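Worksheet for the structure shown next.
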Amino acid sequence: MGRLEGKSVIITGAGSGIGRAASLLFTREGARLIAVDRTDGVKETVEMVKQAGGTAEAVMADAGSEADVIGFIRKAVSAHGKLDAIWANAGVSGGLVPLAEQTPEHWQEVLRVNLIGPFLAVKHSIPLMTAQGHGAIVCTASVAGLKSGASGHPYAASKAGVISLVQTTAYSLSGTGVRINAVCPGLIETGMTKPTFDRAKQRGTESKIGQLNPLKRAGQPHELAAMGLFLASDDASYVNGQAIPVDGGLTASMPYTGKPI
Ligand SMILES: NC(=O)c1ccc[n+]([C@@H]2O[C@H](COP(=O)([O-])OP(=O)(O)OC[C@H]3O[C@@H](n4cnc5c(N)ncnc54)[C@H](O)[C@@H]3O)[C@@H](O)[C@H]2O)c1
């Protein structure tokens with residue numbers, strides 16, 4: 001028996017990186033998946049799932065649009081009769097724009113995808129999950145939502161907002177049997193961070209990537225997928241309202257000299 005055997009699951013941002021790794025892992029564990037992305041990378045993900053013997057359907061949609069969110073949640077219910085878990089994972093980095101040059105429009109787009117997207121996933125999953133009396137919601141935040149120094153301002157604010165959304169919603173869901181948690185990735189090698197990795201390769205400084213955390217390396221998408229699987233499954237039946245870093249230990253310390261004490 002897989003850890004998500006027969007469960008109806010939605011993952012957004014499934015066309016690349018963490019969402020693709022999660023799609024492969026969740027379906028290997030028996031989930032019946034609606035894989036969502038705004039790019040057609042999601043079709044490739046679903047092909048990979050099917051080749052591995054899993055069950056998935058691709059939906060091209062904007063995770064920050066309420067009509068689209070309603071649409072893909074309806075799709076999961078019509079295909080699988082229920083919704084057991086949703087991972088609101090789609091996100092954009094917003095780049096590194098100097099503060100004085102940032103515009104409200106730039107902030108609005110980053111917040112729309114990264115924060116309003118998870119809010120909409122929460123809003124439209126909750127009625128189904130509370131009626132069932134169970135459900136697991138996972139949202140992708142970031143270490144950038146916990147501390148400064150990992151991203152631009154709108155991205156950091158959006159991810160701090162996701163953590164707050166998760167904490168406040170856990171209490172909105174009191175007594176319903178529905179759980180909600182966030183994962184806070186550190187530096188993970190995905191489409192989003194490809195420019196950083198490419199630049200380091202060009203400069204020959206690849207070995208320096210991830211040196212600030214005690215594991216001394218960047219993370220891989222499957223290492224996030226593993227935490228998402230835990231949180232989406234009944235293994236995490238008493239884990240609720242938390243924002244869990246998966247960052248090699250990066251956020252465990254104050255800034256330090258790098259020498260072991
Ligand atoms: N890679 C990292 O180091 C890192 C660190 C912290 C947090 N995160 C978060 O992890 C999540 C997954 O990102 P990733 O690193 O796998 O990057 P990625 O770019 O490889 O994947 C993100 C996916 O989200 C999709 N997407 C973006 N906006 C969308 C929208 N409006 N609707 C539907 N799909 C949309 C993209 O098309 C892409 O396929 C994001 O929320 C990101 O902010 C990543």
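Coordinate-derived values only; no laboratory data. Everything numeric in this text was worked out from a predicted model, so none of it was measured. Cβ sites come from the backbone with ideal geometry, for glycine too, and all protein chains shown count toward neighbours.
Listed values, structure above:
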quantity: Gyration tensor (alpha-carbon) shape descriptor, the stretch 194-261, a/c threshold 1.5; calculated: oblate
quantity: Rounded tilt (10° steps) of 194-203 against the dominant C-alpha axis of the chain; calculated: 30
quantity: Of 228, 91, 152, the one that fluctuates the most in a GNM where the chain has Cα springs shorter than 10 Å; calculated: 152
quantity: Neighbour-count order for 68, 235, 37, fewest beta carbons within 10 angstrom listed first; calculated: 235, 68, 37
quantity: Relative contact order for the stretch 123-230, counting Cα pairs under 8 Å that sit 6 or more residues apart, in percent; calculated: 27
quantity: Part-to-part distance (alpha-carbon centres) for the stretch 180-230 and the stretch 144-165, which is given in Å; calculated: 17
quantity: Filter on 147/259; 75/159; 208/259; 7/75 - keep pairs with C-alpha separation over 25 Å; calculated: 75/159
quantity: Three semi-axes of the equivalent ellipsoid, the stretch 105-261, Cα gyration tensor, whole Å, largest first; calculated: 31, 18, 14
quantity: Amide N of the stretch 53-77 lying under 14 Å from the label point, which is placed 7 angstrom from the Cα of residue 131 along Cα→Cβ; calculated: 73-77
quantity: Stretchable slack from residue 147 to residue 65, in nm (0.36 nm times residue separation minus alpha-carbon distance); calculated: 26.7 nm
quantity: Residue among 118, 146, 131 farthest towards the positive dipole end of the chain, charges placed on Cβ; calculated: 146
quantity: Mean separation of Cα contacts under 8 Å, 6 or more apart, over the residue count of the chain: relative contact order %; calculated: 19
quantity: Distance in nm between pseudo-label sites at residue 176 and residue 5 (7 Å out along the Cβ direction from Cα); calculated: 2.8
quantity: Relative packing of 177-185, 42-50, which averages over residues the other C-beta atoms within 10 Å, highest first; calculated: 177-185, 42-50
